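What follows is a short report on a single structure.
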Amino acid sequence: MTDPDVRASIMRAVYEALCEHGYTELTAQDIADRTDKSKSLLFYHYDSKEDILGDFLEFLFERFDERVAETRDRPPVERLAVFVDWFLYGPEENDRQSFHVAMLELRTQAPYNETFREKLRKSDDQLRAVLEEILRDGLEAGEFNEHDPEETAALLIAAFDGARIRQLTIGRDEYLEQVRKGTATWVFDDLLAEDASFPADRDPSTLPESDQQHRLAADLGNDGNGDADESNDDEPTERDRE
């Protein structure tokens, strides 16, 4: 697809449709209904629903890279806090939670779908690389004690991902706060140098907009300007969707 505006419009439509229908019930018509294109025109750009979702995952990688670049001028401890917020946002954020449920459905298809498996593996590599970079920068800046960035990154992502999956699948919202506090107490306490501290009481749902727009979940469909259900000049209007 050559027109970035057309692609962005379709990708936002995919996000909205996933939030409403989930992966299993998602159809190409659901996506087309949220753009100014018919289903036939949608397939002018893509060969199949799988092709659309594959490009959607690629789109997320690109947006994530952009958001990471915007935080690189911050101190490593603050970047680490932002990374935690990307994963452990509040359970009351329904749109983002609905999206992550849909993504969890998609992940269950990866063992049987090479395209999804390849994209999700790329996502995992991307997340680990970002966190390892933060940890290495913290070592160089003297904010973190000596540790193995690769092992620490693998441990943290597994803990955050596990908390989110349990919250989504069995409704245990307390996992999010428990993992956040436990990580601050048992991991970051040893990781951070004596004159550095991690904001353990940081609440993602009350962060300033400048911080919220950098969260992983906040990047999935709204140009980082607020919640996905808030309108902005780039989103399709109701007339566009009719």
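Residue 185 - would you say it is open to solvent by 50 Å² or more (accessible area, probe 1.4 Å) and farther than 22 Å from residue 75 by Cβ? Judged against the criteria, residue 185 is not a match.
Of (1) more than 14 Å from the chain's Cα centre (by Cα); (2) of a type in the set (Ser, Thr, Tyr); (3) within 23 Å of residue 57 (Cβ to Cβ); (4) surrounded by 14 or more Cβ atoms within 10 Å (Cβ to Cβ), residue 98 satisfies all except one. Which? With (1) more than 14 Å from the chain's Cα centre (by Cα); (2) of a type in the set (Ser, Thr, Tyr); (3) within 23 Å of residue 57 (Cβ to Cβ); (4) surrounded by 14 or more Cβ atoms within 10 Å (Cβ to Cβ) applied to residue 98, the lone miss is (1). The one condition from (1) crowded, with 16+ Cβ neighbours inside 10 Å; (2) among the acidic types (Asp, Glu); (3) modelled with pLDDT of 50 or more that residue 203 does not meet is (1). Of all residues in region 1-40, those satisfying the criterion of being of a type in the set (A, V, I, L, M, F, W, C), within 21 Å of residue 106 (Cβ to Cβ) and over 21 Å from the mean Cα position of the chain (by Cα) are 1, 28, 32.
Is it the case, given these coordinates, that residue 53 is crowded, with 21+ Cβ neighbours inside 10 Å, over 22 Å from residue 196 (Cα atoms), at pLDDT below 95 and out of contact with any Asp or Glu (no Cβ under 9 Å at 6 or more places or on another chain)? For residue 53, the condition - crowded, with 21+ Cβ neighbours inside 10 Å, over 22 Å from residue 196 (Cα atoms), at pLDDT below 95 and out of contact with any Asp or Glu (no Cβ under 9 Å at 6 or more places or on another chain) - is met. Checked against (1) under 27 Å from residue 125 (Cβ atoms); (2) open to solvent by 60 Å² or more (accessible area, probe 1.4 Å), residue 10 passes all but condition (2). Taking region 78-132 as the range and being modelled with pLDDT under 85, hydrophobic (A, V, I, L, M, F, W, C) and assigned to a helix (DSSP H, G or I) as the test, the residues that pass are 86, 87, 99.
The values are calculated or read from the model by the stated rules, or taken from the named source; none is laboratory data. The structure displayed is predicted, hence computed values, not measured ones. Here the Cβ is made from the backbone with ideal geometry for all residues, glycine too, and neighbour counts use every protein chain on show. Remember, those area values only see protein heavy atoms, side chains included, never the ligands or the DNA or RNA. Shrake-Rupley method; radii C 1.70, N 1.55, O 1.52, S 1.80 Å.
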